[in-house]
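These notes are about the structure you will find just below.
The values are calculated or read from the model by the stated rules, or taken from the named source; none is laboratory data. Just so you know, these numbers come straight off a predicted model, no measurement behind them. Here the Cβ positions follow ideal geometry from the backbone for every residue, glycine too, while neighbour counts run over all protein chains shown. When the accessible area is computed, the model is the full protein with side chains, heavy atoms only, and any ligands, DNA or RNA have been set aside. Shrake-Rupley method; radii C 1.70, N 1.55, O 1.52, S 1.80 Å.
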Amino acid sequence: MKKSINQWSFPAGMSLREIMELAKRTGYDCFEPAFDETGELCLNSTDQEIIAIRDMARDIGLPLCSLASGLYWRYSPTDNDPAVRARSLEIIRRQLEAAKLLEVDTILVVPGSVKGGDDPVDYDVAYDRALEAMEKAKDDARDIGVSIGVENVWNNFLLSPLEMRDFIDKVNSPWVGAYLDVGNLIKFGFPEMWVKILGSRIKKVHVKDFKRDVGNFGGFVDLLSGDVDFPKVVKALEQAGYDGPLTAEMSAEGCFPEDIVRRTYGALEKILSK
């Protein structure tokens, strides 16, 4: 497995070149950029601009491993508005195209969310809409040749490994699997159990750490400072045949963000040395 880090681990004011150069200097094996609505790598980026980012990564000597996005919080595949749901599918296709140009094999997709309040999205409705979206998107993934990794996030949805497994199996495509985030699920369960149950369905892995007794967003902490049992997680991943990157997704907050990048690299070295 390789030591990787996500773009969101760096301050928003840093350019992609600055980010990748710092990641390379620190020793990371690969890097996960993020696809957004605006910025250097975004919906409006031309093919030539995306290829230039690929070439920049090559020049720096830092391979790209996957393509994340937070756009699906704004354009959810389970939104009550059909126009928003349609837009989410357009974004998935463009993200797949961008990934192909970057020469990475997987994109991260948030499949939707269950919501209460004045504009609720019931669980069964969210499930049906998310399944419909992935069944449509899988053909784009196949045609473009890039996989979709469905991420487990704090979206009140797909809350158990059995449910995630069955959802992926219903989509029934080798081009759709799980983007497993071990830090996101520690509040609800045990990452090593998710790995065992999902097995070869796992396309990519995000790592962060979390303290259960905090129980809210403030519970996310440096790697090896929370409750994730990383030796068990790594062993389970090895048994599942996973040999891809462990991509750290950290908070870029604080006065000395470069220290976070270095501390995270040191933690990943320890995690992968077990």
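What residue, of Arg54, Arg85, is part of a helix (DSSP H, G or I) and closer than 29 Å to Leu16 by Cα? Give the derivation first.
Details: Arg85 fails: closer than 29 Å to Leu16 by Cα.
So the residue among Arg54, Arg85 that is part of a helix (DSSP H, G or I) and closer than 29 Å to Leu16 by Cα is Arg54.
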**Q.** Members of segment 223-274 that are modelled with pLDDT under 95 and of a type in the set (Phe, Trp, Tyr)
**A.** Phe256
Q) Restricting to segment 5-50, what's the tally of residues that are open to solvent by 60 Å² or more (accessible area, probe 1.4 Å) and closer than 19 Å to Pro257 by Cα? A) 8
Q.
Please go through segment 23-46 and give me each residue that is part of a helix (DSSP H, G or I), in contact with a helix residue (DSSP H, G or I) (Cβ under 6 Å, 6 or more places away or on another chain) and farther than 20 Å from Val205 by Cβ, ordered by number.
A. Lys24
Q) Do you know which residues across segment 93-125 are under 19 Å from Asp81 (Cβ atoms) and touching a strand residue (DSSP E or B) at 6+ places or on another chain (Cβ under 8 Å)? A) Val109, Val110, Pro111, Gly112, Ser113, Val114, Lys115, Val121
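Any idea which residue in segment 1-13 is farthest from Val233 (Cα to Cα), counting only those that are outside any helix (DSSP H, G or I) and either without any contact (Cβ under 8 Å) to a residue 40 or more places away in the chain or in contact with a Pro (Cβ under 6 Å, 6 or more places away or on another chain) (or both)? Spell out the reasoning first.
Our first condition is that a residue be outside any helix (DSSP H, G or I); within segment 1-13, this holds for 1-6, 10-13.
Those still in the list that are either without any contact (Cβ under 8 Å) to a residue 40 or more places away in the chain or in contact with a Pro (Cβ under 6 Å, 6 or more places away or on another chain) (or both) too: 2, 4, 11, 13.
Details: Lys2: 14, Ser4: 16, Pro11: 28, Gly13: 33 Å.
Checking each candidate, the answer is Gly13.
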Q: Scan Leu159, Leu131 and give me the residue that is surrounded by fewer than 20 Cβ atoms within 10 Å (Cβ to Cβ) and under 17 Å from the mean Cα position of the chain (by Cα).
A: Leu159
